[in-house]
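Working notes for the structure below.
The values are calculated or read from the model by the stated rules, or taken from the named source; none is laboratory data. Just so you know, these numbers come straight off a predicted model, no measurement behind them. Counting neighbours? That spans all protein chains shown, and the Cβs are built from the backbone with ideal geometry, glycine included. These area figures cover heavy atoms from the full protein model, side chains too; ligands, DNA and RNA do not enter into them. Shrake-Rupley method; radii C 1.70, N 1.55, O 1.52, S 1.80 Å.
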Amino acid sequence: IRCWSNIPFITVPLSRAHGKSFAHRSELKHAKRIVVKLGSAVVTRGDECGLALGRLASIVEQVSMLQNQGREMMIVTSGAVAFGKQRLRHEILLSQSVRQALHSGQSQLKDMAIPVLEARACAAAGQSGLMALYEAMFTQYSICAAQILVTNLDFHDEQKRRNLNGTLHELLRMNIVPIINTNDAVVPPPEPNSDLQGVNVISVKDNDSLAARLAVEMKTDLLIVLSDVEGLFDSPPGSDDAKLIDIFYPGDQQSVTFGTKSRVGMGGMEAKVKAALWALQGGTSVVIANGTHPKISGHVITDIVEGKKVGTFFSEVKPAGPTVEQQAEMARAGGRTLAALQPEQRAEVIYRLADLLTDQREEILLANKKDLEEAENKGRLALPLLKRLSLSTSKLNSLAIGLRQIAASSQDSVGRVIRRTRIAKDLDLEQVTVPIGVLLVIFESRPDCLPQVSALAIASGNGLLLKGGKEAAHSNQILHHLTQEALSIHGVRDAVQLVNTREEVEDLCRLDKLIDLIIPRGSSQLVRNIQKAAKGIPVMGHSEGICHVYVDTDASVEKVTRIIRDSKCEYPAACNALETLLIHRDLLRTPLFDQIIDMLRVEQVKIHAGPKFASYLTFSPSEVKSLRTEYGDLECCIEVVDSVQEAVEHIHKYGSSHTDVIITENEKTAEFFLQHVDSACVFWNASTRFSDGYRFGLGAEVGISTSRIHARGPVGIEGLLTTKWLLRGDNHVVSDFSEHGSMKYLHESLPLPQRNAN
């Protein structure tokens, strides 16, 4: 028998075989029976006199939502003492004689001392009101609640334990939410607690232990313990080095330093951890999280059940590799070492990786074949995604060529001086390029993205976290292995990390203290989801690639069909493929227009008519549902405009600021288009498909950015750099430059050092 919090715990719970808890957060969505434990700090207001009604209403809403999904919810709650204290204080004030109040004067009434209230009396007065409040709240969701009060002694009597077990099972069978609390009105008095300004509160440890005991007795799948801290930290929260522990394993207690208890109750995190570990041993998964934070309390319970990274998850299964947080820290340390290497050494790493791509071609293609076979067998990937997933000898050769371009152009990237200023005599200022820090690149289906992005990160001295899609797992694994092999020649193997854990993308986007920039590579939906989920981390990229080609009245017949065919048909799934074709009105019913339509039909491109184009036709193609559509397939929209000005206006209204093209022989019209279209890439008489880092001579790209801050368009090495300022002085102080000081500002521009000609 183990005794914690004065409650005897039997190692093998009554009528329960030793179960298995969930190994990973992602499995929590399968939890059927759930206990939610509400600590005193969650249920009570900040002044500890009364209940936090808004917070409680939110918790009831979440519990009701899960109950209505078919789950079996139970609540272990505190709060009776605080609610009773509020009621008794009110009664004491009202019981004062009106005559006495008038005789003593209003000022004395205001200063009247409230006697110290005994905790058990507060509990007796508060229990009924607390339950009535729960009943009223649950009624709003057509859910019935039932109250069960227990004491420590109830767990000594086996018959009482059987009765309790039977009662709870019957309530759950009838779809009723049991609300369990210790019967604080009859328990032995606790030690005095000064935190409540004279009011003693029953130890929080009682309810922690009670929740754990009930969770195991009832064969519960999940126990959620809500308190006023984010979870379990490796040192007391608030200390400088405190880090939230994402997953806690039995045996890790030695690595944790426990601090003081919460603002209410006599328990603390140590009691919660002991109770959680006992429940885990009994086969119940446990999460300890914050139920008081205003930004997350409204969805903390549902987030936990959905498997999101909230609080501390207790697991008996320790992963073989490092956590994603550890990987991010390794990437940062490795990135800093990488940035400190000589440019020639970073280039050597990239050249080595390029060689490995061709030398290990057979192994790479074999791994890729496994991915393709699994994807085809599951039938989950559309044809465009299957094409992106596929690697070939020619693709690997092109990759190797691109990597060698990156290596050649990276000689003068990190540490390049871009501005020099003489502030004053012997006080010189330099602005130099430096890496951004740790990049998180999330990509779908495209394993060729991994070596490209890795090479750019290496060239720019950045640490890198890579999160690839499950569909390319075998390809990504071998390509990452080769990348680390290349990095090993200069001892910076850890600078590039591949996330293999079950981390959800949304959870990765919350690591704002570990990641400096997120770069999504994939569908517009993926990019939008990441932009929405990223909290405090900049996202570089574009959510849509709605690219336009405008055919002007002065367009060359020979150029039009070639450019349109290449823009739409060469690779329709690409983000730089043509999606909307704008035709000048004067070209309608001309041989050139007929040639365009015939070519699209031969290429089996499905045509959607814009509103104006449809109005000119007796029998038109299907009218477009939206002019802001990225088809990503052999489909496009055709719309009519009256002038180049209207084409520009259409692009600004319906485009995505990605890539837009004009086809014309009129230089004046072309220059107007080039200067007025506000997109990342604007071309004259060239295919939209040229919007690419490799074709721009950047070697490769981490993506195409439509952002107006920092990098824009295809992002190569330059886009992965930021700057810092270096000031070199000799005993300079600002006071010397005051009105009566001895020094004057010069602010002279100095010549930049010569760049490497190669």
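Counting the residues of region 129-172 that are open to solvent by less than 80 Å² (accessible area, probe 1.4 Å), assigned to a helix (DSSP H, G or I) and β-branched (V, I, T) gives 1.
Just one of L582, L627 is within 42 Å of the chain's Cα centre (by Cα), under 18 Å from I546 (Cα atoms), assigned to a loop (DSSP other than H, G, I, E, B) and of a type in the set (A, V, I, L, M, F, W, C); which is it? Walk me through it before giving the result.
Details: L582 fails: assigned to a loop (DSSP other than H, G, I, E, B).
Step by step, each of L582, L627 is checked, and only L627 is within 42 Å of the chain's Cα centre (by Cα), under 18 Å from I546 (Cα atoms), assigned to a loop (DSSP other than H, G, I, E, B) and of a type in the set (A, V, I, L, M, F, W, C).
Does region 525-537 hold any residues that are out of contact with any His (no Cβ under 8 Å at 6 or more places or on another chain) and either closer than 28 Å to V648 by Cα or not charged (D, E, K, R) (or both), and which are they?
To start, the set of residues in region 525-537 that are out of contact with any His (no Cβ under 8 Å at 6 or more places or on another chain) comprises 525-526, 528-537.
Scanning region 525-537 gives Q525, L526, R528, N529, I530, Q531, A533, A534, G536, I537.
For region 552-579, the set of residues classified as open to solvent by 40 Å² or more (accessible area, probe 1.4 Å), at pLDDT 95 or above and either within 45 Å of the chain's Cα centre (by Cα) or not assigned by the TED database to the domain that holds Y631 (or both) consists of R562, R565, D566, listed by residue number. The criterion of being under 19 Å from D448 (Cβ atoms), at pLDDT 85 or above and among the basic types (K, R) holds for R695. Applying the criterion of at least 1 residues that are surrounded by 10 or more Cβ atoms within 10 Å (Cβ to Cβ) and basic (K, R) to the strands (runs of 3 or more DSSP E) found wholly in region 668-758 leaves 721-728. The criterion of being modelled with pLDDT under 95 and either in a helix (DSSP H, G or I) or not small (G, A, S) (or both) does not hold for A320.
Please specify each residue of region 438-454 satisfying the condition of being closer than 14 Å to G335 by Cβ and touching a helix residue (DSSP H, G or I) at 6+ places or on another chain (Cβ under 7 Å). Walk me through how you get there before you give the answer.
Here is the first cut: in region 438-454, the ones closer than 14 Å to G335 by Cβ are 438-441, 453-454.
The answer is V438, L439, L440, V441, S454.
Can we say S26 is small (G, A, S), assigned to a loop (DSSP other than H, G, I, E, B) and modelled with pLDDT under 90? Working first, answer last.
Values: small (G, A, S): yes; assigned to a loop (DSSP other than H, G, I, E, B): no; modelled with pLDDT under 90: yes.
Taking the combined requirement at face value, the residue does not satisfy it.
What do you reckon, is E639 part of a strand (DSSP E or B) and assigned by the TED database to the domain that holds V682? It is true that E639 is part of a strand (DSSP E or B) and assigned by the TED database to the domain that holds V682.
Regarding region 135-144, can at least one residue be identified that is of a type in the set (S, T, N, Q) and on the phi > 0 side of the Ramachandran plot? Yes - at least one qualifying residue is present in region 135-144. Examine region 601-623 for a residue that is surrounded by 13 or more Cβ atoms within 10 Å (Cβ to Cβ), under 45 Å from the mean Cα position of the chain (by Cα), assigned to a loop (DSSP other than H, G, I, E, B) and in contact (Cβ under 8 Å) with a residue 60 or more places away in the chain, and state whether such a residue exists. No; the residues of region 601-623 include none that is surrounded by 13 or more Cβ atoms within 10 Å (Cβ to Cβ), under 45 Å from the mean Cα position of the chain (by Cα), assigned to a loop (DSSP other than H, G, I, E, B) and in contact (Cβ under 8 Å) with a residue 60 or more places away in the chain.
I need a count of the residues in region 520-564 that are in a loop (DSSP other than H, G, I, E, B), within 23 Å of L627 (Cβ to Cβ) and touching a strand residue (DSSP E or B) at 6+ places or on another chain (Cβ under 8 Å).
Initial filter on region 520-564 (in a loop (DSSP other than H, G, I, E, B)): 522-523, 534-538, 540-546, 552-556.
Those left that are additionally within 23 Å of L627 (Cβ to Cβ): 523, 541-546, 552-553, 555.
Right, trim to touching a strand residue (DSSP E or B) at 6+ places or on another chain (Cβ under 8 Å) and you get 541-542, 545-546, 552-553, 555.
Qualifying residue count for the region: 7.
Listed by first and then second residue, the pairs linking a residue in region 709-723 that is at negative phi to a residue that is at pLDDT 90 or above and among the basic types (K, R), with Cβ atoms under 8 Å apart and 6 or more places separating them unless they lie on different chains, form an empty list. Among residues of region 484-497 that are of a type in the set (A, V, I, L, M), those with a beta-carbon under 6 Å from a residue that is open to solvent by less than 10 Å² (accessible area, probe 1.4 Å) and outside any helix (DSSP H, G or I) at least six positions away or on a different chain give the pairs A495/G463; V496/L464. Here L479 clears all of (1) open to solvent by less than 10 Å² (accessible area, probe 1.4 Å); (2) farther than 24 Å from L385 by Cβ; (3) out of contact with any strand residue (DSSP E or B) (no Cβ under 8 Å at 6 or more places or on another chain) except the condition numbered (2).
Which of the following residues is more than 32 Å from the chain's Cα centre (by Cα), outside any helix (DSSP H, G or I) and not basic (K, R): I442, I423? Just a single option satisfies the conditions, and that option is I423. Could you check region 341-398 and list, in sequence order, the residues that are of a type in the set (D, E, K, R) and in a loop (DSSP other than H, G, I, E, B)? The one that is of a type in the set (D, E, K, R) and in a loop (DSSP other than H, G, I, E, B): R380.
Out of Q525, Q531, one residue alone is farther than 22 Å from L389 by Cα and free of Cβ contacts under 8 Å to residues at least 40 places away in the same chain. It is Q531. Take R589 and tell me if it is assigned to a loop (DSSP other than H, G, I, E, B), in the same structural domain as D692 (by the TED database), open to solvent by 20 Å² or more (accessible area, probe 1.4 Å) and touching a Gly at 6+ places or on another chain (Cβ under 9 Å). Against the criterion (assigned to a loop (DSSP other than H, G, I, E, B), in the same structural domain as D692 (by the TED database), open to solvent by 20 Å² or more (accessible area, probe 1.4 Å) and touching a Gly at 6+ places or on another chain (Cβ under 9 Å)), R589 does not qualify.
The conditions of being at pLDDT below 85 and either within 30 Å of L171 (Cα to Cα) or part of a loop (DSSP other than H, G, I, E, B) (or both) are not met by A289.
Open to solvent by 10 Å² or more (accessible area, probe 1.4 Å), of a type in the set (D, E) and over 23 Å from the mean Cα position of the chain (by Cα), is that true of E503? Before the answer, list the steps.
Values: open to solvent by 10 Å² or more (accessible area, probe 1.4 Å): yes; of a type in the set (D, E): yes; over 23 Å from the mean Cα position of the chain (by Cα): no.
Against the criterion (open to solvent by 10 Å² or more (accessible area, probe 1.4 Å), of a type in the set (D, E) and over 23 Å from the mean Cα position of the chain (by Cα)), E503 does not qualify.
Of the numbered criteria (1) modelled with pLDDT of 95 or more; (2) in a helix (DSSP H, G or I), the one I75 fails is (2). Listed conditions (1) of a type in the set (S, T, Y); (2) modelled with pLDDT of 95 or more; (3) within 23 Å of the chain's Cα centre (by Cα) are all met by S315, apart from (2). Considering region 637-654, and only residues there that are open to solvent by less than 20 Å² (accessible area, probe 1.4 Å) and over 15 Å from F672 (Cβ atoms), the residue that is farthest from the chain's Cα centre (by Cα) turns out to be V640.
Hey, any hits in region 110-118 for a residue that's assigned to a helix (DSSP H, G or I), at pLDDT below 80 and surrounded by fewer than 20 Cβ atoms within 10 Å (Cβ to Cβ)? Walk me through it before giving the result.
Within region 110-118, the first condition is being assigned to a helix (DSSP H, G or I), and the residues that meet it are 110.
Keeping just the survivors that are at pLDDT below 80 gives 110.
Now restrict to residues that are surrounded by fewer than 20 Cβ atoms within 10 Å (Cβ to Cβ): 110.
Yes, region 110-118 contains at least one residue that is assigned to a helix (DSSP H, G or I), at pLDDT below 80 and surrounded by fewer than 20 Cβ atoms within 10 Å (Cβ to Cβ).
Taken together, P236, P250 contain a single residue that is at negative phi, more than 22 Å from the chain's Cα centre (by Cα), open to solvent by 50 Å² or more (accessible area, probe 1.4 Å) and not small (G, A, S), which is P250. Taking each residue of region 418-444 that is under 28 Å from A457 (Cβ atoms) and of a type in the set (F, W, Y) and looking for partners that are open to solvent by less than 40 Å² (accessible area, probe 1.4 Å) and not in a strand (DSSP E or B) with beta-carbon atoms closer than 8 Å, six or more apart or interchain, yields F443/C449; F443/L450; F443/V453; F443/G469; F443/G522. Residues that are in contact with a strand residue (DSSP E or B) (Cβ under 6 Å, 6 or more places away or on another chain) and either in the same structural domain as A408 (by the TED database) or open to solvent by 10 Å² or more (accessible area, probe 1.4 Å) (or both) do not occur anywhere in region 297-308.
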